[in-house]
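Undergrad: Take a look at this one; I'll ask things after.
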Amino acid sequence: MSAKIIDGKAISASCRVKIAEDTENFKKTHGFAPGLSVIIVGEDPASKVYVRNKKLGCEQVGFNSSVYELPENTTREELNALIDKLNADDSVHGILVQLPLPKHLDSEEVIARISPKKDVDAFHESNVGRIMIGNYSFLPCTPAGVMVLLKESGIDISGKECVVVGRSNIVGKPMAMLLLQANGTVTICHSRTKDLSEVTRRADILVVAIGKADFITADMVKPGAVVIDVGMNRRADGKLTGDVDFASVSEIASYITPVPGGVGPMTITMLLQNTLISAEGFAKGK
Ligand code: GUN
């Protein structure tokens, strides 16, 4: 193997130490703790794990947190009423509705109902718009985590060919925007891209978020590229694997994120960061 491994676990741990220190100072100054409320509807096992880890993350850095576990058959009206209640609660600075929602609920409507000031996922259209013009309070957690991993690894983005594979609202699109704001030359690829390998081979920095296990192989990567794997797929044998074929790509990349232990640990850390930023905004009366 020639690539350096970007250790998301270690970088995440040191970010959380800093967030815990800042939270301690925040509490001394303002006399209250940042508060995050998480809503989960239904029984999706992966979502339950994510929500549990979000709660543990809050405890680790000294936030208040509450988890609302709603049954699968929760109505639109019941969910809206809970969001309205949390929007109006001064002790809540961040609201997160875990996705995906059961089919009878409309995630776009739900996201739009969350106060943009408490939208620590940065999914609300006003926060998405603010990211487009570079005037934001919150960045979406996964792309923000990738940017921290690049920075902490000393990787300069300015002028680099950056290729993002995947165009989701949660990862691909905002990821491209953040790389652009860091002065990368950015290309977004997706399922209709002609000759995907030809594009991915141009990348100095390749970010992959498509949800296809081990899809990116060494022949699709330029030797010396930085490869960031946002994928989180479960193999038939139960093991977690990314969108990048780690065994072959790590032979030729300069830096690579493993799965697990790369991008994943950063996502909740960025959520905690956003919740603290939100609480600071509320403390300043913004
Ligand atoms: N489901 C998977 N990832 C996320 C996330 O970052 N936020 C929310 N709300 N739901 C998710």
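The values are calculated or read from the model by the stated rules, or taken from the named source; none is laboratory data. Quick caveat: nothing in here was measured; it's all calculated off a predicted structure. Backbone-built Cβ (ideal geometry, glycine too); neighbour counts: all protein chains shown. Just the protein is used for accessible areas: all its heavy atoms, side chains included, with ligands, DNA and RNA removed. Shrake-Rupley method; radii C 1.70, N 1.55, O 1.52, S 1.80 Å.
Undergrad: Counting only protein heavy atoms and using a 1.4 Å probe, what share of the accessible area of the chain belongs to carbon plus sulfur, as a whole percent?
TA: After summing per-atom areas, the C and S share lands at 53 percent.
Undergrad: Provide the percentage of antiparallel DSSP beta bridges, counting only those with both residues in the chain; round to the nearest 5.
TA: The antiparallel fraction comes to roughly 5 percent.
Undergrad: Of all trypsin sites (Lys or Arg not before Pro) in the range 49-123, which ones are in loop regions per DSSP and have a Cβ with at most 13 other Cβ atoms within 10 Å? Intermediate results must be reported in sequence, preceding the final value.
TA: Details: sites: 52, 54, 55, 76, 85, 103, 113, 117, 118; in loops: 103.
Of the trypsin sites (Lys or Arg not before Pro), the ones in loops of the range 49-123 whose Cβ has at most 13 other Cβ atoms within 10 Å are 103.
Undergrad: What does the helix-only formula give at 222 nm for the chain: each DSSP H stretch with n ≥ 4 adding -39500 (n - 2.57), the total divided by the residues, and the result rounded to the nearest 500 deg cm²/dmol?
TA: Working: 10 runs with 118 residues, N = 286.
Computed ellipticity for the chain at 222 nm equals -12500 deg cm²/dmol.
Undergrad: Give the Rg (one decimal place) followed by the Dmax (whole number) of the range 1-110, computed from C-alpha coordinates and expressed in Å.
TA: 16.8, 54
Undergrad: Could you tell me which of the pairs 117/212; 28/284; 9/117 are separated by over 25 angstrom between their Cα atoms in the structure shown?
TA: As for pairs spanning more than 25 Å Cα to Cα, those are 117/212; 9/117.
Undergrad: Could you calculate the FRET efficiency of residue 168 with residue 2 from 1/(1 + (r/R0)^6), where r is the beta carbon distance between them and R0 is 30 Å, rounded to 0.05?
TA: The pair residue 168/residue 2 has a calculated efficiency of 0.45.
Undergrad: Could you check the simple spin-label distance between residue 235 and residue 28, using points 7 Å along Cα→Cβ, in nm with one decimal?
TA: 4.9 nm
Undergrad: What do you get for Rg/Rh of the range 94-149 when both radii come from the Cα atoms and Rh is the Kirkwood radius?
TA: Rg/Rh for the range 94-149 comes to 0.99.
Undergrad: Counting only heavy atoms of protein chains, what accessible area per residue, in Å², does the chain have with a probe of 1.4 Å?
TA: 47 Å²
Undergrad: Something else: Tell me, in nm to one decimal, what length is gained between residue 212 and residue 132 on full extension, where the rule is 0.36 nm per residue of separation less the Cα-Cα distance?
TA: 26.0 nm
Undergrad: I need the shape label for the range 161-243. Rule: rounded when a/c is under 1.5, else prolate if a/b > b/c, else oblate, with a, b, c from the alpha carbon gyration tensor. Could the numbers behind the result be given before it?
TA: Values: a/c = 1.80, a/b = 1.40, b/c = 1.29.
Taking the square roots of the gyration eigenvalues as a ≥ b ≥ c, the range 161-243 is prolate.
Undergrad: Pick from 229, 44, 22: which residue has the top mean-square fluctuation in a GNM of the chain where Cα pairs under 10 Å get a spring?
TA: In the Gaussian network model the winner is 44.
Undergrad: Further, regarding this structure: Run the numbers for residue 192 and residue 52: contour at 0.36 nm per residue of separation, minus the present Cα-Cα distance, in nm.
TA: 46.8 nm
Undergrad: Rounded to whole Å and sorted largest first, list the principal axis extents of the Cα atoms in the range 76-207.
TA: 49, 31, 23
Undergrad: A further question on this structure: Only Cα pairs within less than 10 Å get springs; with that Gaussian network setup on the chain, which residue of 236, 253, 225 has the largest fluctuation?
TA: Highest fluctuation among the options: 236.
Undergrad: Something else about it: Cα centroid distance between the range 257-275 and the range 67-97, in Å?
TA: 24 Å
Undergrad: Rg (Å, one decimal) plus Dmax (Å, integer) for the alpha carbons of the chain?
TA: Rg and Dmax of the chain, Cα atoms, are 19.1, 57 Å.
Undergrad: Using a ≥ b ≥ c from the Cα gyration tensor of the range 119-268 (square roots of the eigenvalues), is it rounded, prolate or oblate, where a/c under 1.5 gives rounded and otherwise the larger of a/b and b/c decides, a/b for prolate?
TA: Working: a/c = 1.60, a/b = 1.32, b/c = 1.22.
Cα axes put the range 119-268 in the prolate bin.
Undergrad: Rounded, prolate or oblate for the range 47-91? Axes are the square roots of the Cα gyration tensor eigenvalues, ordered a ≥ b ≥ c, and the cut-off for rounded is a/c under 1.5.
TA: Here the range 47-91 falls in the oblate category.
Undergrad: For residue 191, what charge total do you get from the other residues with a beta carbon under 15 Å from its beta carbon, if Lys and Arg give +1 and Asp and Glu give -1?
TA: It works out to a net charge of +3.
Undergrad: What distance in nm separates the two pseudo spin-label positions at residue 89 and residue 254, each 7 Å out from Cα along the beta-carbon direction?
TA: 4.7 nm
Undergrad: If you count, for each residue, the other Cβ atoms within 10 Å and average over each peptide, how do 180-187, 130-137 line up from highest to lowest? Walk me through the numbers on the way to the answer.
TA: Values: 180-187: 17.6, 130-137: 14.6.
With the highest mean Cβ count within 10 Å placed first, the list reads 180-187, 130-137.
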